[in-house]
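A short write-up of the structure that comes next.
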Amino acid sequence: MATATARVPSTGQSDDRRRATRALQALNFFMADMQAGIGPFLGVFLQQRGWTAGPIGTVMTAGGVAGMVMTVPAGAFIDHTEKKRLVVIVTGICTVLASFLILLSQAGWVVTVSQVATAIAGAAIGPAVAGMTLGIVRQRGFNAQNGRNQAWNHAGNMIGAGLSGWLGWKFGMPAIFYLAAVFGVLAITCVLLIPERAIDHAAARGLEAKEGSEDQGGGQAEGFAALLQTKPLLILAAALACFHLGNGAMLPLYGLAVVGAGKGDAALFTATTVVVAQAVMILASLLAMRMAAGRGYWLVLLISFASLPLRGLLAGSFIEHWGVWPVQALDGVGAGLQSVAVPGLVACMLNGTGRVNVGQGAVMTVQGVGASLSPAIGGWLAQAIGYRLAFYILGSFALVSLALWIGFAAILRPACDGARPAETA
């Protein structure tokens, strides 16, 4: 009687996977600054050149809207294409070039075009890296590898922001653009170090072949209706949209508030806001990886949602240079936990549908609705009623996220616990 046997990776396959995972981690480190680039410094950069809070927020919102519109098509393309490495390379080059546009001119339309181009490129980079990760380590290893990826990504953001702040203080804001370009070149080098043969493109879209199965492709992709039929996914997206509606404006607005009050150097203070948050995100992402493996994703996301109301309260109460520590530490908690939990949970929910990267893009789109509106809302609120009340209002949006997450716990908990068997198998 014939018996099915699990496929054992050859030595060459194991070596390719090790090389690929190391290159993935390095890629996440360098792409952090390549993606962010001037982003966290854009507000104070434009403020120094005569812009006010309202127009700054509006320009950021334009970029957010563009990224939001492109995330689902980008995710669908990533599911379809086997040129995921090339996608990262091309979008990385576009991101760096778009940032340099702002150096040439600070005219409204130039800054808007730059932000739109950067957002569109970012819409493709995220699903592409997530897809490559899933294709290399498969569903069983995704939570752990994604946790490591995110820890390296946050480390890259922290070091990049620290260097940007020092270079901006020492040589002026233009030095930040050149640093982003250097990181971009290093990120592209890391992509090229990932062996193409290490990526299983069927597994990368959630069609991993079952052990002992004759079907190497793992089945056929389901229709896009699979996204709308997954109720936990819809609740997750709604809760994230409300969270990012409040969270998106917090970092740039707090920098504007403190620097505008004459309580901090523009470049150094902005760098501090990023460094503090990213340092906490490193620890939070590693903690999220362990919590998800042991207790599922529900508690991880509950804690992340609860961090924003407290952050808004502290930001509104203490517009001081030292306030960056508690305010941005809470940003690190929320964003660090979500950076691991959201991609892992989406991959788990849509496993077997062949629409994992479309799902990642769809969730990013709904998050983008909140994140893209947040800078405009925060900027005009600050201009109309002051920074303090603006922070209180922005922080309160996450109360809706908490209500959704707790109110639908009976539906969400089984879906959030689905990652544990694969992780502990």
>> Checking the a/c ratio against 1.5 first, then a/b against b/c, what shape does the Cα gyration tensor give for the stretch 270-415?
In response: prolate
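Relative contact order (percent) for the stretch 34-163, with alpha-carbon contacts under 8 angstrom and 6 or more residues of separation? Before the final figure, lay out each step's value.
Details: 109 pairs, mean separation 40.1, N = 130.
Answer for the stretch 34-163 is 31 percent.
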>> Taking a virtual spin label 7 Å from the Cα of A409 along the C-beta vector, which residues in the stretch 286-308 bring their backbone nitrogen under 15 Å of it?
In response: 296-306
> What is the stretch 233-286 by shape, rounded, prolate or oblate, if you read a ≥ b ≥ c off the alpha carbon gyration tensor as root eigenvalues and call it rounded for a/c under 1.5, prolate for a/b larger than b/c, and oblate otherwise?
Replying inline: oblate
> Nearest 10 degrees, 0 to 90: what angle lies between the long axis of helix 324-349 and the longest principal axis of the chain (Cα atoms)?
Replying inline: 30 degrees
> Does anyone have the angle between helix 53-80 and the longest principal axis of the chain? Alpha-carbon axes, 0 to 90°, nearest 10?
Replying inline: 10 degrees
> Could you give the dipole magnitude of the chain about its Cα centre, charging the beta-carbon of Lys and Arg +1 and that of Asp and Glu -1, in debye to the nearest 20?
Replying inline: 320 debye
> Between L97 and V110, what is the label-to-label distance in nm when each label sits 7 Å out along the Cα-to-Cβ direction?
Replying inline: 1.7 nm
>> Under 16 Å from a point placed 7 Å out from the Cα of R19 along the Cα-to-Cβ direction: which residues of the stretch 127-148 have their backbone N that close?
In response: 136-137
> Convex hull volume of the Cα atoms in the chain, per residue, in Å³?
Replying inline: 123 Å³
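Arrange the residues R205, R290, R49 by how much accessible surface each exposes, largest first, with a 1.4 angstrom probe. Spell out each step's value before the answer.
Numbers: R205 50, R290 180, R49 105 Å².
Largest accessible area first, the residues go R290, R49, R205.
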> With all protein chains present and a 1.4 Å probe, how do L412, L283 order by accessible area, largest first?
Replying inline: L283, L412
>> Over 5 Å intervals from 0, what percent of Cα-Cα pairs in the stretch 56-144 sits in each interval?
In response: 3, 15, 21, 20, 16, 11, 8, 4, 2, 0
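Averaged across orientations, what area in nm² does the convex hull of the alpha carbons in the stretch 250-338 project?
Values: hull surface 20.4 nm².
Averaged projected hull area, Cα only: 5.1 nm².
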>> Using protein chains only and a probe of 1.4 angstrom, how many square angstrom of Y178 are accessible, to the nearest 10?
In response: 130 Å²
> Gap in Å between the Cα centre of the stretch 168-211 and the Cα centre of the stretch 81-118?
Replying inline: 15 Å
> Considering the dipole of the stretch 48-190 built from charges on the beta carbon (Lys and Arg +1, Asp and Glu -1) around the Cα centre, which of T133, V90, A74 is farthest to its positive end?
Replying inline: T133
>> I want to verify a result. In a Gaussian network model of the chain, Cα cutoff 10 Å, which of these has the top mean-square fluctuation: V400, V72, V324?
In response: V400
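What number results when the radius of gyration of the stretch 293-361, computed over Cα atoms, is divided by 2.2 N^0.38 Å?
Dividing the Cα radius of gyration by 2.2 N^0.38 Å gives 1.42.
Could you give the size of the charge dipole of the stretch 287-425 about its Cα centre, using +1 on the Cβ of each K and R and -1 on the Cβ of each D and E, expressed in debye and rounded to the nearest 20?
Values: 7 positive and 4 negative charges, 39 e Å.
In total the dipole reaches around 180 debye.
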> Against the longest alpha carbon principal axis of the chain, how many degrees, from 0 to 90 and to the nearest 10, is the axis of helix 84-104 turned?
Replying inline: 10 degrees
> Gaussian network model of the chain, Cα springs within a sub-10 Å range: biggest mean-square fluctuation belongs to which of P73, P232, P343?
Replying inline: P73
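The values are calculated or read from the model by the stated rules, or taken from the named source; none is laboratory data. Here the structure is a predicted model, which means the values were calculated and not measured. With ideal geometry, Cβ positions are generated from the backbone for all residues, glycine too; neighbour counts draw on all protein chains shown. Surface areas here come from the heavy atoms of the whole protein model, side chains and all, with no ligands, DNA or RNA. Shrake-Rupley method; radii C 1.70, N 1.55, O 1.52, S 1.80 Å.
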